[in-house]
Each structure stands twice: as structure tokens, then as C-alpha cells.
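These notes are about the structure you will find just below.
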Amino acid sequence: MIIVGIAGGTGSGKTTLVRHIAGQLPAGKVVVIQQDAYYKDNSHIPFKERRDINFDHPDAVDFNLLTRHLRILKKGKPVKKPEYSFLTCTRSVYSFTVEPAPIIILEGILILANEVLRELIDLKVYVDAGPVERLARIIKRDMEERGRTEAEVLERYERTVGPMHLQFIEPSRQFADIIIQHEDEKYDAAGMLIEIILGRISNEL
């Protein structure tokens with residue numbers, strides 16, 4: 001089994017890269033786990049306050065549960081992955097069963113910022129992108145998927161997203177085995193990553 005961690009700032013394009021890689025790997029041999037599913041439940045906080053939660057700070061993530069689930073998967077057992085709603089900023093009462101597979105792709109902005117989690121990741125990848133590019137994607141995503149206005153997105157970016165990127169996310173690139181620095185490198189890099197992954201688990205296919 002190999003755990004591939006793909007990190008990078010919010011709006012860096014890592015989700016698109018993960019989908020491309022997963023789609024090129026053998027069916028039934030790969031599962032994708034998003035850090036976003038492991039945000040702490042905030043149902044005890046009034047709704048207006050929930051929308052101001054700093055989701056780009058490591059304290060917002062339930063890393064204990066995430067690392068525990070990865071360890072269980074490595075032992076060949078399934079886990080119940082939580083579901084998180086960014087519309088309500090709460091964890092759903094429902095969960096999704098994830099079966100173990102030879103390839104686990106873990107995606108998230110803070111996965112390389114957590115030392116315990118880094119020790120579980122076999123191949124660490126950081127997707128880089130400039131602030132203008134990332135902000136454009138954040139505005140589009142948050143307006144379409146999270147019900148925020150452009151003004152709300154910009155205020156949030158100035159207050160939390162930008163500063164947290166500089167404090168926690170960008171410094172975590174030092175732990176990456178591979179850094180993808182330019183948009184036009186992503187699909188060439190995807191091919192390379194696929195070759196590395198398949199090479200490491202060829203005896204399990």
C-alpha cells in the first residue's frame with residue numbers, strides 16, 4: 001500500500017490534479033480521502049459564528065481522527081469517513097465507508113503541516129500556484145459551492161486565507177518530495193506520479 005499526499009494552497013488546483021491521477025489509475029485500486037471531510041464539527045456554535053471559523057488553521061482539522069483512519073486502512077480494514085458541509089459548517093450525521101486499497105490519495109491544504117500525518121505519507125507532493133491564480137479560483141468556488149458573495153470571499157481571504165497560507169501552508173512545501181510549480185507542469189507531473197505510484201505497488205495489482 002502507498003499513501004500519496006497532495007498538498008497546496010486553497011485554489012492551487014490540487015483537486016483537479018487528484019481527479020486526473022485517480023482517473024488514470026486501475027479501477028478499484030485507489031481511494032481518495034480529502035482533508036476537508038475531517039474538519040471538526042461546529043454544530044455547537046451559532047450559525048453566524050460558524051461562517052467566521054478559520055478553516056485554514058491546523059486547529060480546525062481533526063487530525064487525530066484522520067491519522068487514526070489512515071492507520072486502520074493500512075491494516076486492511078475499512079473506515080467510516082465523515083462528511084462535512086461548508087454550507088452549514090457542520091459535520092453530517094452520515095458517513096461514507098472507505099474500503100482499503102493499494103493506493104490511497106490524501107488531499108488537503110494542511111496535510112504536510114502536521115508532523116504525525118507526514119510520517120504516514122509515503123509520497124509527498126506540493127502543488128504551487130501564485131496568489132492571483134488561487135484567489136480567482138477561491139472566489140469562483142466559494143460563490144458557486146459555499147453560498148458566499150464576492151465581498152465575503154475577499155474579506156475572508158484578507159482575514160484568514162492569505163495569512164494562514166503564509167504561516168502554515170507555504171512553509172509546508174519544504175517537506176514535499178515533489179513540488180509542481182507551474183500550471184503547465186501539472187499533467188506532465190501527473191504522468192510521472194502515476195509511474196512512481198504504479199512502480200511502488202506493482203506487486204499488489
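Coordinate-derived values only; no laboratory data. In this text the structure is predicted, and so the values were computed from the model without any measurement. Reconstructed Cβ throughout: ideal geometry from the backbone, glycine too, with neighbour counts over all protein chains shown.
Things worth noting here:
- Calculated on the Cα set of the range 2-199, radius of gyration then Dmax: 16.4, 49 Å.
- Among LEU73, LEU154, the ranking by other beta carbons within 10 Å of each residue's beta carbon, starting with the fewest, stands as LEU154, LEU73.
- Charging the Cβ of each Asp and Glu at -1 and of each Lys and Arg at +1, and nothing else, the dipole of the chain about its Cα centre rounds to 760 debye.
- Relative contact order, percent, the range 72-205 [alpha-carbon distance under 8 Å, six or more residues apart]: 25
- Here LYS29 is the anchor, and the lysines within straight C-alpha reach of less than 24 Å, apart from those fewer than 8 places off in the same chain, are LYS14, LYS74, LYS75, LYS77, LYS80, LYS81, LYS124, LYS186.
- Each of ILE72, ILE104 has some number of other Cβ atoms within 10 Å of its Cβ, and from fewest to most they run ILE72, ILE104.
- Whole-Hz ³J(HN,Hα) from phi, Karplus 6.51 cos²θ - 1.76 cosθ + 1.60, for the range 85-96, glycine and proline x: 10, 7, 6, 9, 6, 9, 8, 5, 6, 8, 9, 10
- Here the spin labels are modelled as points 7 Å beyond Cα on the Cα-Cβ line, and at GLU150 and ALA27 they lie 4.2 nm apart.
- Near ASP52, once Lys and Arg are set to +1 and Asp and Glu to -1 for all other residues with Cβ below 9 Å from its Cβ, the sum equals +4.
- Proxy reagent accessibility, fewest Cβ within 10 Å first, across LYS14, LYS81: LYS81, LYS14
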